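Novice: One structure follows; several queries about it will come next.
The values are calculated or read from the model by the stated rules, or taken from the named source; none is laboratory data. For clarity, every value in this text was computed on a predicted model and none was experimentally measured. Ideal geometry is used to build each Cβ from the backbone, glycine not excepted, and the neighbour counts take in all protein chains shown. Note: areas computed on protein heavy atoms with side chains; ligands, DNA, RNA excluded. Shrake-Rupley method; radii C 1.70, N 1.55, O 1.52, S 1.80 Å.
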Amino acid sequence: MMDVDKEQGSSLPVLLVSRTENRVLSDREVVAEISGLVTTAGMQPVDTVVLRRFDPAPKFGMGTGKAEEIMHVAESCGAEAIVFEFEITPTQQRNWETLTGLTCFDRQEVIIRIFADRAMTREAVLQIELARLKYSLPRLAHTYSALSRQRGGRYGTRGGGETQLELDRRSILKKITRIQGELKEVRKDRSTQRKQRERVSVPSCAIVGYTNAGKSTLLNALTGAAVLAEDKLFATLDPTTRRYDLPSGRKVLLTDTVGFVHDLPHTLIDAFRSTLEEASFATGILIILDASDANIQLQYDTSLAVLEEIGARSRPELIVLNKADLLDEHTRARLPVEFPGSVLISARTGEGFDAFAQLLEALVSGSEQDYLLPLDRGDLVARLHREGTVSKVDYRDDGILIRAGTDGRIAALLREYEYHA
């Protein structure tokens, strides 16, 4: 594990190594994403090697000749570390550091570093620590070989070092078990809070989408929340819930969530499952896409894949195309056709907010249904006005005929009163 230079105005110069074979992204897009990640992590990309032909080999993950070529590029550009855009095994990491004499790590560790720097709440800190420990466990031998190089000896290779390695391994396993127990308690508290929200029968929507798509900016603009909204990847890790008043006067809870990224490491999906599962309990899902990004389809596909993995695809969805203020007229006309039923907005300028509010109202209200209620069930009429969207009420001799849009909970309660003319 390396220590990034924290001095004012300084950043670690790194060589980026990426590959594009069998990838959905172009060379430029792959490089742009990993560059954004390492910059967010406080490092400075000084050069890039793109592997357009990739022949996997066990020692370095590629042929020895290509590995030596990368070593010479690192030397010539003055890099002090090498960051691989793809995953490398602990053994490959040791081999690379032996070959180059530089600290070497992969994209997964970069993301863990960013998350560790951004985590604020106890839950997020625990989740990141759990992901870091699981990632570092198979790399303990790598840590000891790095120490032996620094000390000029053979610390950790046999004898007492081997014993210390096993002691540290057991220590990490104990920490993992302890953190998992603490997270279980935190998740129990979150479940209790969720049940309390459900008792007041206020619909909720989870704001999800690719990192840096503008989720926090949208929540701030709609509700006046003070969520950190930076032009950086993973600016928000901790979920924030705020109330938003719809045009009808009905209230809805909006929850900002951690951003997605292409090929998000599974250790981080697992670590943030309890945070992301807010989406699976929400009345609806708002999928925020950066409309100015040429790779918007990948953003959408990635969002759906993560929602599928956490069991949230069954919830009603609204696609929100953000950053309309950055679009030309052709793109403005094209995107709504490519994403039917979506709404084009600008969280920065407020453009499209009226249309967004109407679609959000429809999303949380559900489909309209006619109900014939008993004349003595005025309480249900009042509840529909409070929790649903009532479009028609007709007091008749045989009951109260009411047409309303409702969400899943109240719709289930009223199922016996459904009326079909």
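Novice: If I model a spin label at Glu166 and Glu87 as a point 7 Å from the Cα along the Cα→Cβ vector, what separation in nanometres do I get?
Specialist: Modelled inter-label distance: 2.9 nm.
Novice: Between Arg415 and Val50, what is the FRET efficiency for a Förster distance of 41 Å, r being their Cβ-Cβ separation, to the nearest 0.05?
Specialist: Details: r = 58 Å, r/R0 = 1.41.
With a Förster radius of 41 Å, E is 0.10.
Novice: Could you pull out every residue, at least 5 positions away or on a different chain, whose amide H is within less than 5 Å of the one on Glu317? Hs are placed 1.01 Å off N in the peptide plane, and Pro or chain starts have none.
Specialist: Ile285
Novice: List, in order, the whole-Hz ³J(HN,Hα) value for each residue of the stretch 282-293 obtained from phi through the Karplus relation with A = 6.51, B = -1.76, C = 1.60 and θ = phi - 60°; use x for Gly and Pro.
Specialist: For the stretch 282-293, the Karplus-derived couplings read 6, 5, x, 10, 9, 8, 8, 10, 7, 5, 8, 8 Hz, x marking Gly and Pro.
Novice: Which order do peptides 318-327, 284-293, 180-189 fall in by mean Cβ count within 10 Å, highest first?
Specialist: Working: 318-327: 20.7, 284-293: 22.9, 180-189: 12.6.
So the order, starting with the most tightly packed, is 284-293, 318-327, 180-189.
Novice: Ignoring ligands, DNA and RNA, what percent of the 1.4 Å accessible area of the stretch 75-145 is carbon and sulfur?
Specialist: Working: 1350 of 2590 Å².
Ligands and nucleic acids excluded, carbon and sulfur reach 52 percent.
Novice: By average Cβ neighbour count within 10 Å, what is the ranking of 87-97, 65-75 from highest down?
Specialist: Working: 87-97: 18.9, 65-75: 16.1.
Highest to lowest by the protection proxy: 87-97, 65-75.
Novice: Per residue, how much accessible area does the stretch 80-125 have with a 1.4 Å probe, in Å²? Please list the in-between numbers first.
Specialist: Numbers: 1690 Å² over 46 residues.
On a per-residue basis, 37 Å².
Novice: Please work out whether the stretch 278-349 counts as rounded, prolate or oblate from its C-alpha gyration tensor, where a ≥ b ≥ c are the square roots of the eigenvalues and a/c under 1.5 means rounded, while otherwise a/b larger than b/c means prolate and anything else oblate?
Specialist: prolate
Novice: Then there's this: Give the shape of the stretch 310-421 as rounded, prolate or oblate, defined through the alpha-carbon gyration tensor: a ≥ b ≥ c are the square roots of its eigenvalues, a/c under 1.5 means rounded, and otherwise the shape is prolate if a/b is larger than b/c and oblate if not. Numbers along the way, then the final one.
Specialist: On the way: a/c = 3.13, a/b = 2.60, b/c = 1.20.
Prolate, since a/c reaches 1.5 and a/b exceeds b/c.
Novice: Quantify, in whole percent, the carbon and sulfur part of the accessible surface of the stretch 287-421 (1.4 Å probe; protein heavy atoms only). Could you put the intermediate results ahead of the total?
Specialist: Values: 3310 of 6780 Å².
Carbon and sulfur: 49 percent of the exposed surface of the stretch 287-421.
Novice: Just to check I understand the Karplus step: with θ = phi - 60° and J = 6.51 cos²θ - 1.76 cosθ + 1.60, what whole-Hz values come out for the stretch 39-50, glycine and proline as x?
Specialist: Ordered by residue, 3J(HN,Hα) equals 5, 4, 7, x, 10, 10, x, 10, 6, 9, 10, 9 Hz.
Novice: Determine the per residue accessible area of the stretch 274-339 with all protein chains present and a 1.4 angstrom probe, expressed in square angstrom.
Specialist: Working: 2610 Å² over 66 residues.
I get 39 Å² per residue for the stretch 274-339.
Novice: So who's got an amide H within less than 5 Å of the one on Cys104, skipping anything under 5 residues away but keeping other chains? H placed 1.01 Å off N, in plane.
Specialist: Ile82
Novice: Further question on the same structure: Per residue of the stretch 313-329, what does 6.51 cos²θ - 1.76 cosθ + 1.60 with θ = phi - 60° give for ³J(HN,Hα)? Whole Hz please, x for Gly and Pro, Karplus curve as stated.
Specialist: 6, 7, 7, x, 10, 10, 8, 10, 8, 8, 6, 4, 5, 9, 9, 8, 5
Novice: Related question: For the stretch 331-398 and the stretch 45-86, compute the distance between their C-alpha centroids and round to whole Å.
Specialist: Each part's Cα centre sits 54 Å from the other's.
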